[in-house]
Amino acid sequence: MQWPLLESLPTDDRARILDSARRRHFKRGETVFHEGDEGDSLHLVETGTFAVQVSAPAGERATINVLSPGDFFGELSLLQRPQSSQTPRRSATVFALAPAQTLALAGSAFTALRNAHPSVEHLVVAALAHRVEQLSNRLLEALYIGVDRRVYLRLIELAEIYRKPPSDTVIPLSQGDLATMAGASRPTVNQVLQKLVSRAIVSLDRRQITILDLPALRAAAPDVGPPAWDR
């Protein structure tokens, strides 16, 4: 298994990190940690998929990301706070959408590695740089890309995670989950999805979106056009 997060590290440091990690297994629906919990480990996703959720203003849970093999989460637990005994708190809830396993690197193990091999510190830099780039891209999308195309892009990303040829691609998420990931309201996302339904590109069911024609979805994404305010 390869993780892009580790690619910038020297081979020896990469091996040290993997050797210090502990494999963990999760059942479908099992929570890895809750928002507000103490952060004690970084997780490298080996198999399965995980949902990342945050608390919305009204108190409900909002899915902001889906992670698959090669991804990671929990990087804030590696941050050392000088002259402070406080442990970083989790900023989101993560749970398994399917049977899954990770390699978990405890914060204490990372600190020991960093003290013995200072170059391991680059792992934190790489993790934070990845998150900043990801958030920046989502912000740019929200500012300059129309809702239709944002929905298409999230669907394409999810299709790459759940695709199992030769059968149709079933995404086990609700329209509300997709709306949060696309940065739009559920009614607006439903309108976009209904257009795709009318073209036999997707079908809808309870907490499930099925991609019937992925090539057509990919072909449609660049043709959505600019945001409404720029038309």
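Helix 122-144 and the longest principal axis of the C-alpha atoms of the chain enclose an angle of approximately 20°.
Once the C-beta distance of Glu35 and Ala200 is scaled by a Förster radius of 41 Å, the resulting FRET efficiency is 0.60 to the nearest 0.05. In the chain, the calculated helix contribution to ellipticity at 222 nm averages -12000 deg cm²/dmol per residue, counting -39,500 (n - 2.57) for every DSSP H run with n ≥ 4. In the set (1) 35, 19, 17; (2) 43, 22, 17; (3) 28, 21, 17, the label that goes with semi-axes √(5λ) of the Cα gyration tensor in Å computed for this structure is (1). Of the trypsin sites (Lys or Arg not before Pro) in the stretch 171-209, the ones in a loop by DSSP (not H, G, I, E or B) with at most 16 other beta carbons within 10 Å are Arg199, Arg206, Arg207.
When the chain is fully extended, how far beyond the present Cα-Cα distance does Glu133 get from Gln86, taking 0.36 nm per residue of separation?
Details: separation 47, 0.36 × 47 = 16.92 nm, distance 2.72 nm.
Roughly 14.2 nm would be gained on extension.
Distance between the pseudo-spin-label points of Leu143 and Glu7 (7 Å out from Cα toward the beta carbon): 2.7 nm. Note that the stretch 53-63 has calculated 3J(HN,Hα) couplings of 10, 10, 7, 7, x, 7, x, 7, 8, 10, 7 Hz, one per residue in order, obtained from phi through the Karplus relation 6.51 cos²θ - 1.76 cosθ + 1.60 (θ = phi - 60°); glycine and proline are x. Neighbours of Ser20, meaning other residues whose beta-carbon lies under 13 angstrom from its beta-carbon, give a summed charge of +2 when Lys and Arg score +1 and Asp and Glu score -1. Approximating the spin labels as points 7 Å out from Cα along Cα→Cβ, the Arg28-to-Ala56 distance works out to 2.4 nm.
Throughout, read-outs are computed from the coordinates displayed, never taken from laboratory work. Keep in mind the model is a prediction, meaning the values are calculated, not measured. Reconstructed Cβ throughout: ideal geometry from the backbone, glycine too, with neighbour counts over all protein chains shown.
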